[in-house]
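The values are calculated or read from the model by the stated rules, or taken from the named source; none is laboratory data. All values derive from a computational prediction rather than experimental measurement. All Cβ positions, glycine included, derive from the backbone under ideal geometry; neighbour counts span all protein chains shown. When the accessible area is computed, the model is the full protein with side chains, heavy atoms only, and any ligands, DNA or RNA have been set aside. Shrake-Rupley method; radii C 1.70, N 1.55, O 1.52, S 1.80 Å.
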Amino acid sequence: MVCSEKHSANTQTIEERVEKMQINRLFEIIYTLLHKKSVTAKELATQFGVSSRTIYRDVDTLSLAGIPVYTEKGKGGGISLLPDFVLNKSILSESEQNAILTALQGLSHVNADEANGALKRLSAIFNKTAANWLEADFSGYSNDFFNDFKTAVLERRIVAFDYFNAEGEKIFRRVEPLQLWFKSKSWYVKGFCLNKQATRLFKLTRVKNLVVTEENFAVRNLLESPDTEDPELPESVIKLRISPEMTYRVYDEFNENDITKQPDGSFIVSATWPEDSWVYGFILSYGEYAEVLEPLHLREIIKEKSQKILRKYL
């Protein structure tokens, strides 16, 4: 008796799997027909790895379900949908449909396989062609961690990694990742740090040895803004004189309201930055074309570093 029940359960599982496969195939057939004017049963059979007879049975099933699919025999014939057929999309306005498609167009640059598949299907459903409004070149940039963090956020899985702060210290962290942030030209992950028991912001380029664990976490109601893992540094208003040769960098790297062009073509620029090694390196990257005007202690620091550089070449 037990064996019979077990066999029945296994049979039911197989039947459920077959039914699910057929439902998926029926949807795929609709997407294909929305994308193409006509397709042969042989082409569909090859696409789904079934017989042409199975495809014709699927066509009958779709017809019975009210989908206006029809077949034409002979040369140039095939399986088609009525020309004006579009799947019911009345719950979305025209602008909402466009917003979804343009968003997917942008997402396709960070995860092409998933986003492009959804973009293709929804374009067919909405009977629209998505505008190619964005092009992004990620050559030279590894987004492996980006995709791993995305998976961890969506599946609510704890991550573990080594993190290098601004002082070069390596710190092991276990984090419940909540969001990916793009801020100040860099990607960050916002998460609840289990080590610190507080919300933190981690820069992706400083993450090493990332592991997405199998441990799940519950969503937290976190209202506070995240702190960075880097120590807080005092900020200073920094004023520079930059030569006209660096005009292209001035307008790239400073706010227009903070730029004053001088009669000789040079620029007086100001910015409020925390003083750290990044600021020193940024100023020195201008070489002979930048001069620190304020604050005076920063002027002395850059002078000392410049002299050390000079001594290396004597």
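Structural remarks
- Total formal charge among the other residues, if their Cβ is under 14 angstrom from that of Phe267, Lys/Arg +1 and Asp/Glu -1: -3
- Leu314 versus Asn147: modelled label distance in nm, points set 7 Å from Cα along the beta carbon direction: 5.3 nm
- Tyr286 sits among other residues whose Cβ lies under 15 Å from its own Cβ, and their net charge, with Lys and Arg +1 and Asp and Glu -1, is +1.
- With all protein chains in place and ligands, DNA and RNA left out, the 1.4 Å accessible area ranks Glu288, Glu43, Glu253 as Glu288, Glu43, Glu253, largest first.
- Entries of Lys239/Lys312; Lys203/Lys261; Lys261/Lys312; Lys183/Lys312 with Cα pairs more than 32 Å apart: Lys203/Lys261; Lys261/Lys312; Lys183/Lys312
- Each label was represented as a point 7 Å from its Cα along the Cα-to-Cβ direction; for Ile268 and Phe182 these points are 3.6 nm apart.
- Where labels lie 7 Å past Cα in the beta-carbon direction, separation of Lys196 and Glu275 in nm: 2.4 nm
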